[in-house]
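Taking it in order: structure first as structure tokens, then the write-up.
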Amino acid sequence: MSNPKFIPSTQLIVEGDIYNLRLSRYMRLQLEKEYNMNVQRYYSMMCVNGNVVDEYQFAAVVWALLRGGGQKVSKERACDIIEEAVNDEECGIVKLFESVLEALSAAFMNEEQFKEYKRLIEVYKSSEGENDTEKK
């Protein structure tokens, strides 16, 4: 039995709708062409700053991730999804940011690196939960 090909993606749930987020090569090139945007540089800035950095570029990246994930959404619909995510109690801006960061991380890592990344995120989240419990 052969190993299934690693297709780097993640999911975002907004108001009960499930969106696949994936940065395809085609959409990476579209961002370069339409927005003169280096996605790897933007990803690095997100990692260093720990935030969206530039709302315009963030929206463009979300659009590209949605399209790369198989959703045929317009740029306007992508902006609506961002707004819905921010206003969704289950999702919110933090979960949206984390999902975008995870999808970009997956795009720039091989399968082993991505598995280790996910493991480290889980360790970090579990240690945050322990710290919150200790403070109470």
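Values quoted throughout were computed directly from the atomic coordinates according to the rules given, and no laboratory measurement underlies them. Everything numeric in this text was worked out from a predicted model, so none of it was measured. All Cβ positions, even for glycine, are placed from backbone atoms using ideal geometry, and neighbour counts span all protein chains on display.
In deg cm²/dmol, rounded to 500, what helix-only [θ] at 222 nm does the chain give when every DSSP H run of at least 4 residues adds -39500 (n - 2.57) and the total is split over its residues?
Roughly -21500 deg cm²/dmol at 222 nm, from the helical runs in the chain.
Which one of Ser44, Ser99, Ser126 has the biggest mean-square fluctuation once the chain is modelled by GNM with Cα springs under 10 Å?
Largest GNM mean-square fluctuation: Ser126.
How much length is gained if the chain between Glu34 and Phe108 is pulled fully straight, taking 0.36 nm per residue apart and subtracting their Cα-Cα distance, in nm to one decimal?
24.6 nm
Of all the Cα-Cα pairs you can form in the chain, what percent are over 19 Å apart?
Beyond 19 Å sits 53 percent of the P(r) for the chain.
Once both labels are modelled 7 Å past Cα along the beta-carbon direction, what's the Lys75-Asp54 spacing in nm?
Rounded to a tenth, the inter-label distance reads 1.4 nm.
If amide H atoms are built 1.01 Å from N in the plane of the peptide, which residues on other chains or at least 5 residues away come under 5 Å of the amide H of Gln11?
Long-range HN contacts for Gln11: Leu21.
Mind checking the stretch 1-93 for trypsin sites (Lys or Arg not before Pro) that DSSP puts in a loop (not H, G, I, E or B) and that have at most 10 other Cβ atoms within 10 Å?
In loop regions of the stretch 1-93 (DSSP not H, G, I, E or B), the sparsely surrounded trypsin sites (Lys or Arg not before Pro) are Lys5, Lys72.
Could you work out the relative contact order of the chain? I mean the mean sequence separation of Cα pairs under 8 Å and 6+ apart, divided by the number of residues, in percent.
Value for the chain: 30 percent.
Taking the Cα centre of the stretch 1-135 as origin and charging only Cβ (+1 Lys, Arg; -1 Asp, Glu), how large is the dipole, in debye to the nearest 20?
Dipole magnitude for the stretch 1-135 comes out near 880 debye.
Of all GluC sites (Glu not before Pro) in the stretch 1-83, which ones are in loop regions per DSSP and have a Cβ with at most 16 other Cβ atoms within 10 Å?
Glu15
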